[in-house]
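First comes the structure, then the notes that go with it.
The values are calculated or read from the model by the stated rules, or taken from the named source; none is laboratory data. For clarity, every value in this text was computed on a predicted model and none was experimentally measured. Glycine also receives a Cβ, built like all others from the backbone with ideal geometry; neighbour counts cover every protein chain displayed. Just so you know, the surface numbers come from the protein's heavy atoms only, side chains and all, with ligands and any DNA or RNA stripped out. Shrake-Rupley method; radii C 1.70, N 1.55, O 1.52, S 1.80 Å.
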2 protein chains.
Amino acid sequence: MNEVVPPKTPEAVEPKTLVEGAYQRLRRDIIEGVHAPGEKLRVEHLKDRYEVGAGTLREALLLLVTDALVVAQGQRGFRVSPISIEDFEDITRTRLLLETEALRQSLQLGGEDWEAAVVAAFHRLSRAEQKLGDNDSLAAEEWERRNRAFHEALIAASPSRWIRHFQHILYQQSERYRRLSLFSHPIPRDIHAEHQALFNASLARDTTRATSILTEHVLRTLDAVKLLPAEFFAGKQKS
Amino acid sequence: MNEVVPPKTPEAVEPKTLVEGAYQRLRRDIIEGVHAPGEKLRVEHLKDRYEVGAGTLREALLLLVTDALVVAQGQRGFRVSPISIEDFEDITRTRLLLETEALRQSLQLGGEDWEAAVVAAFHRLSRAEQKLGDNDSLAAEEWERRNRAFHEALIAASPSRWIRHFQHILYQQSERYRRLSLFSHPIPRDIHAEHQALFNASLARDTTRATSILTEHVLRTLDAVKLLPAEFFAGKQKS
DNA sequence: TCTTCTATAAATCTCGAGAAAAATCCTTGA
DNA sequence: TCAAGGATTTTTCTCGAGATTTATAGAAGA
């Protein structure tokens, strides 16, 4: 019997286990700043919030170590990974090193399926950008998801699993910082125009132009974060 | 009171907890092929071998997911990450992308301390290479450690934590494959000469030559593994 | 003989409690 | 008032047992 599968948003992977469920919610909360950078993550407190046992929550925290969103120190528990302007600069430049290479490969190797997926992702992103601006946090969240989907679709034709893996981690890291840059808008940006240009160059298979636009695009966010006051990067040492 | 600290081999971090101890031994066993690629890792069996509780062993396995040496599937337990010739090609090329960049930065920024550390690491590696050849697995193990230490010392002056982090993971991965290439010696190599040339170019701050030698050096191992019969990459589907 | 269904066995996941370590607070003395 | 030491509290780490899910083996039917 054929089931009608409802169209899923990508990334909405159903958790098959309590550990995965707690992991996903914890990851989301860390990226969104519910748990501040540098904050101590006490198992005994968190197990109530996420409604799982202590051992289960420990496993979820261990999974977050893979994403480098949590650091574990033996006999001293877990902490949210600290943030700093130097770290974001490092993240950005490493991400560009990997992502531009993956984009080069993708433009060279991508077939019709890849093109179709890029067109679709760009369309979805454009729609989300229209609904943006009215300070709707739900719309912003959806935009984040589609922005990631667009960037990942662009490099999806790269045959390098490892580059895509590392890119995924770095993108996730940068989300924490991008969230901060929302608080200040010192650099006026027409993000949609940037995406449009990147999209055009990619479909035209213009490697040089596409990587150049991508680099500018990513560095612009770095500049925005650089202008933030240092207090944003203080981080909690205790509690 | 001053204590006399015995000179430690790098990487010999004392485990502060049972989880870390099991993690280190498991990692070593996976890299050395005690647990074959693709093999299922049953908690109930392994907890006896490593003399820890089931929950503790689960946490150790979760830590290995960070190194991409183990893959976890919800409700289906853990497996040793499979290997393939395509995977090693990907590992090698991604590693070169990162490691050459880190080497460039290191040669540009490295100071006296970096130089001294490189000289020391090269000296230690040379000594280990002299003792090699008599099929002594203990000497081979020591050579592995010092080879890694030399490569990490070369890029230690790179300011990018993220590049070094990813390089560390990829190097660890490649150890599994390098171990396979020991079984066949189709390509005669004077590894010491390659290291000597890399060392000379690095201290001379000849970026172009150093990165070029490094690339050749790493690709040569890829070629050696490529000549292995396909049976090496079969991997266990069950058990 | 092959497929399908069911019953059994095995493995994973989950939780709470006890042991060990770290952090905190409080007393004591100068 | 401050520092040092010790006792208490908090937190982390560890284990074994029960519940749920998956895998295996066997029986029934085509």
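Per-structure values
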{"quantity": "Residues that are open to solvent by 60 Å² or more (accessible area, probe 1.4 Å) and either within 12 Å of DNA strand C (Cβ to nearest atom) or closer than 22 Å to residue A:21 by Cβ (or both), drawn from the range B:73-85", "calculated": "B:73, B:75, B:76"}
{"quantity": "All positions within the range B:58-72 that are buried (at least 20 other Cβ atoms within 10 Å of the Cβ) and either in a helix (DSSP H, G or I) or within 16 Å of DNA strand D (Cβ to nearest atom) (or both)", "calculated": "B:58, B:59, B:60, B:61, B:62, B:63, B:64, B:72"}
{"quantity": "Any chance residue B:10 is away from DNA strand C (no atom under 15 Å from the Cβ), modelled with pLDDT of 95 or more, surrounded by fewer than 17 Cβ atoms within 10 Å (Cβ to Cβ) and within 28 Å of residue B:218 (Cβ to Cβ)", "calculated": "no"}
{"quantity": "Residue B:96 more than 10 Å from chain A (Cβ to nearest Cβ), within 15 Å of the chain's Cα centre (by Cα) and at pLDDT 95 or above", "calculated": "yes"}
{"quantity": "Some residue of the range B:128-140 being open to solvent by less than 60 Å² (accessible area, probe 1.4 Å), under 30 Å from residue A:170 (Cα atoms), free of Cβ contacts under 8 Å to residues at least 40 places away in the same chain and among the aliphatic types (A, V, I, L, M)", "calculated": "no"}
{"quantity": "In the range B:13-57, residue nearest to residue B:153 (Cα to Cα) [restricted to those that are among the polar types (S, T, N, Q) and within 14 Å of DNA strand C (Cβ to nearest atom)]", "calculated": "B:17"}
{"quantity": "Hits in the range B:128-153 (condition: of a type in the set (D, E, K, R) and under 22 Å from residue B:210 (Cα atoms))", "calculated": "B:129, B:144, B:145, B:146, B:148, B:152"}
{"quantity": "Which numbered condition residue A:193 fails, given (1) open to solvent by less than 60 Å² (accessible area, probe 1.4 Å); (2) in contact (Cβ under 8 Å) with a residue 12 or more places away in the chain; (3) out of contact with any Ser or Thr (no Cβ under 9 Å at 6 or more places or on another chain)", "calculated": "(2)"}
{"quantity": "Residues of the range A:51-85 satisfying the condition of being among the charged types (D, E, K, R) and within 8 Å of another protein chain (Cβ to nearest Cβ)", "calculated": "A:58, A:59"}
{"quantity": "Some residue of the range A:85-102 being charged (D, E, K, R) and within 11 Å of DNA strand D (Cβ to nearest atom)", "calculated": "no"}
{"quantity": "Filter result for the condition that a residue is assigned to a helix (DSSP H, G or I) and open to solvent by 30 Å² or more (accessible area, probe 1.4 Å), over A:101, A:175", "calculated": "A:101"}
{"quantity": "Residue under evaluation residue B:75, criteria (1) touching a residue at least 12 places away in the same chain (Cβ under 8 Å); (2) assigned to a loop (DSSP other than H, G, I, E, B), criterion not met", "calculated": "(1)"}
{"quantity": "Check on residue B:22, within 13 Å of another protein chain (Cβ to nearest Cβ), under 22 Å from residue A:74 (Cβ atoms), in contact (Cβ under 8 Å) with a residue 60 or more places away in the chain and outside any strand (DSSP E or B)", "calculated": "no"}
{"quantity": "Odd one out for residue A:238 among (1) more than 30 Å from residue B:65 (Cβ to Cβ); (2) modelled with pLDDT under 95; (3) basic (Lys, Arg); (4) assigned to a loop (DSSP other than H, G, I, E, B)", "calculated": "(1)"}
{"quantity": "One residue from B:121, B:68, B:60, B:128 being in the same structural domain as residue B:38 (by TED's automatic domain parsing), away from DNA strand C (no atom under 16 Å from the Cβ) and of a type outside the set (Val, Ile, Thr)", "calculated": "B:68"}
{"quantity": "Only listed residue being closer than 28 Å to residue A:162 by Cα, touching a strand residue (DSSP E or B) at 6+ places or on another chain (Cβ under 7 Å) and more than 16 Å from DNA strand D (Cβ to nearest atom), chosen from B:106, B:81", "calculated": "B:81"}
